[in-house]
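**Q** This is the structure I have questions about; it appears just below.
No value in this document is a laboratory result; all are computed from the given coordinates. It should be emphasised that the depicted structure is a prediction, and the values quoted were computed from it without experimental measurement. Methodologically, a virtual Cβ is constructed for each residue, glycine included, from the backbone with ideal geometry; neighbour enumeration extends over all protein chains shown.
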Amino acid sequence: MEGRAAALGAGTVLNALATGTGAAFGIDVETRATVELDPAADRVDGSIAEDAAADTALIERCVALATDRWGDGEGGSVRTESDVPLAAGLKSSSAAANATVLATCDALGLGVGDDPDDPAVDVTRLEACRLGVRAAREVGVTVTGAFDDATASMLGGVTVTDNDADELRSRETVDWDVLVWTPPERAYSADADVARCEAVAPMADLVADLALDGRYGEAMTVNGLAFSAALGFDADPAVEAMPHAAAVSLSGTGPSVVAVADPADPETDLDAVAVAWGDRPGTLRRTTTRNDGAAVE
């Protein structure tokens, strides 16, 4: 009983730590999961290809919850490999959870899709997404549940969510070029200063209104400035990008900064952003948005 699936990383439009409302967008970096189920096994063993010492509690819990809900409580193993750097603000945990839950569904022989009325669909992607969010809460890798990050990873496009209710408020497709700067340090979402983030709640409310109005670029940039200040990150990279990008933001609780450009807009130039960021320590990654989301392989 083996299953495979892949899920997307994502960038931030609105950090949900201030108010519980969040927004994110899927990008073309992936985490892939392979799940092998054994009906005779009484536990799940996980491994992460990029870091043998990394905490595997999230992916193990995802398999356990999925087999409890849709299977017969099978144990087994799960292994992930990823293009999404860990603890960099690019939704590595959401991508790992989504890929693991879908791979478990695949191992159980279940059909995955979006239409609950389709007889070929046993599990919807939103159901799978919510299960991964539950696992993330149970193992303590998230403060809000990160339903915004999880839906962007699972469904693609831009999603706006109520993270307190795990409710999808809106989803739209977007076609942007993306540049990500990831400095060498790492920041774990569960360690973020929630009180500092709650202090910028009025700005977060403004960002939510902009996002729900489809003004994602403005929303993203205001979010980046507000949460850089709240979380103690330098706003200089965002300021350097603003003349050349449609939007730029701190992603998640950092440390990555993400700039986007409309490929049809000659006023935007991510090459110029790359030059501005080129002397900063860390890595630059060019990619694009994706609107298809996670899938069984």
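**Q** Classify the stretch 150-292 from the C-alpha gyration tensor, please: rounded if a/c falls under 1.5, else prolate or oblate depending on whether a/b exceeds b/c.
**A** In terms of gyration-tensor shape, oblate.
**Q** Using DSSP to define loop residues, name the GluC sites (Glu not before Pro) in the stretch 64-161 whose beta-carbon has at most 11 other beta-carbon atoms within 10 Å.
**A** Here no GluC sites (Glu not before Pro) fit, given the DSSP loop and packing criteria.
**Q** I've got another one for you. Packing-wise, with mean Cβ within 10 Å as the measure, how do 257-263, 224-230 rank, highest first?
**A** Most protected by this proxy first, the peptides run 257-263, 224-230.
**Q** Quick check on the chain: helices-only [θ] at 222 nm, where DSSP H runs of length 4 and up contribute -39,500 (n - 2.57) each and the sum goes over total residues. Nearest 500, please.
**A** Computed ellipticity for the chain at 222 nm equals -10500 deg cm²/dmol.
**Q** For the pair Thr288 and Asp234, what calculated FRET efficiency results from E = 1/(1 + (r/R0)^6), where r is the Cβ-Cβ distance and R0 = 30 Å, to the nearest 0.05?
**A** Computed FRET efficiency for Asp234 and Thr288: 0.70.
**Q** Between the stretch 103-155 and the stretch 20-69, what is the C-alpha centre distance in whole Å?
**A** 11 Å
**Q** What's the ranking of 105-114, 5-14 by average number of surrounding C-beta atoms within 10 Å, highest first?
**A** 5-14, 105-114
**Q** Another one. Take every Cα pair under 8 Å in the stretch 146-263 that's 6+ residues apart, average their separations, divide by the length, and report that relative contact order as a whole percent.
**A** 26 percent
**Q** In the stretch 1-100, what trypsin sites (Lys or Arg not before Pro) fall in a loop by DSSP, with at most 12 other Cβ atoms inside 10 Å?
**A** Arg43
**Q** So how do 200-206, 92-98, 264-270, 18-24 stack up, highest first, on mean other-Cβ count within 10 Å?
**A** The densest-packed peptide leads the list: 92-98, 18-24, 200-206, 264-270.
**Q** Classify the stretch 1-127: rounded, prolate or oblate, from the alpha-carbon gyration tensor (a ≥ b ≥ c, eigenvalue square roots; a/c under 1.5 rounded; otherwise prolate if a/b is larger than b/c)?
**A** It comes out oblate by the Cα gyration axes.
**Q** While we're on this one: For the chain, what is the relative contact order in percent, using Cα pairs closer than 8 Å and at least 6 residues apart in sequence?
**A** About 25 percent, as a whole number.
**Q** Now for a separate question. Which trypsin sites (Lys or Arg not before Pro) in the stretch 199-297 pass both tests, a DSSP loop state and at most 15 other beta-carbon atoms within 10 Å?
**A** Arg215
**Q** Here's another thing I want to ask about it. Pull out a ≥ b ≥ c, the square roots of the eigenvalues of the alpha-carbon gyration tensor of the stretch 212-276, then state rounded if a/c is under 1.5, prolate if not and a/b is larger than b/c, and oblate in the remaining case.
**A** oblate
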